[in-house]
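Have a look at the structure below, then the notes.
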């Protein structure tokens, strides 16, 4: 048999807010409308039991003093022993006075407002009489041996070894040796003394060097590639061009000599011209004079005196008789001069 269509209403008793507060009903349903906001919130929004215990033991704001509730505190508001000042500091025993002398104020020790480590060399500033040295400068000072040579001059008590050029614009003074040594390279001409005018090096430079054979060489910038003067160990001196002595004598490269007292040019020309001038005027006349007689015994050799020649010879009473004459020349400023006297 079919059941006819019908409707049925069920009555569900619900709890009221008063029922919830009294907690007296167990047969009534609880609807969201009778619940507070805490019942509808997520549990993550509430403190745990452990957090609740810590909250109960925490210091409450009303128990703190006025300083704890301020954003900024003035030093004079701190009640402790002593008084704050520029020369005191706050410690567990109150305001304590700084020990030692001086004034450690910021205005004196940090006028630039760096507010950083005052003992860091990088934070310091150089002055005209106070310099901060670099590592390179410290290395150079460390390599100095017992003394130093300032720019204004000074004295070095030991040896000064220079591996390259030693330059000076005035003078180099020493009471010992100035040693210039070759370091073993082949080109020894790069070692010596050079005198120069920097802005006119091309024609105002002189060099003194020691050659490979031990010769002392002198060179000039305006001269050819060869050296103008070389002095050898055997005493030989070689000059590239003429050697002038006292501006009056010139020894030329071909060995000839030019002197101001010679009237016919160089020495060779002077001698030749003087000989040509006097070779005919020296002897102007000749003669046979000064007869001499000579007698000898038989078989005895006899000779005429020096410069005489025999003119006659004959026997007289067993003796050899000879006569001789002497040739003579007339020389200007001397007179008659016998040839036998030469």
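Could you sort 236-244, 113-121 so that the peptide with the highest average Cβ count within 10 Å comes first and the rest follow in order?
Working: 236-244: 13.0, 113-121: 9.2.
Packing order, densest peptide first, comes out as 236-244, 113-121.
Full-extension gain between residue 98 and residue 268, please, as 0.36 nm times their residue separation minus the C-alpha to C-alpha distance. Before the final figure, lay out the partial values.
Numbers: separation 170, 0.36 × 170 = 61.20 nm, distance 10.49 nm.
Residue separation times 0.36 nm, minus the Cα-Cα distance, leaves 50.7 nm.
If I model a spin label at residue 127 and residue 85 as a point 7 Å from the Cα along the Cα→Cβ vector, what separation in nanometres do I get?
2.9
Between residue 208 and residue 157, take the C-beta separation as r, use R0 = 25 Å, and let me know the FRET efficiency to the nearest 0.05. Walk me through the numbers before you get to the answer.
Values: r = 27 Å, r/R0 = 1.09.
For residue 208 and residue 157, the calculated efficiency is 0.40.
Give the peptides 208-220, 311-323 in descending order of average Cβ contacts within 10 Å, highest first.
Values: 208-220: 15.3, 311-323: 11.7.
Result, highest mean Cβ count within 10 Å first: 208-220, 311-323.
Starting from the Cα gyration tensor of region 283-341, take the square roots of the eigenvalues, sort them a ≥ b ≥ c, and report rounded, prolate or oblate (rounded when a/c is under 1.5, otherwise prolate if a/b is larger than b/c, else oblate).
Details: a/c = 4.81, a/b = 3.14, b/c = 1.53.
Cα axes put region 283-341 in the prolate bin.
Between residue 43 and residue 337, what is 0.36 nm times their sequence separation minus the Cα-Cα distance? Round to one decimal in nm. Kindly include the intermediate steps, with their values, before the conclusion.
Working: separation 294, 0.36 × 294 = 105.84 nm, distance 16.45 nm.
Gain on extension, residue 43 to residue 337, equals 89.4 nm.
Every number here is computed from the coordinates shown, using simple stated rules; none is lab data. In this text the structure is predicted, and so the values were computed from the model without any measurement. Every residue, glycine as well, gets a Cβ built from its backbone with ideal geometry; the counts of neighbours run over all protein chains shown.
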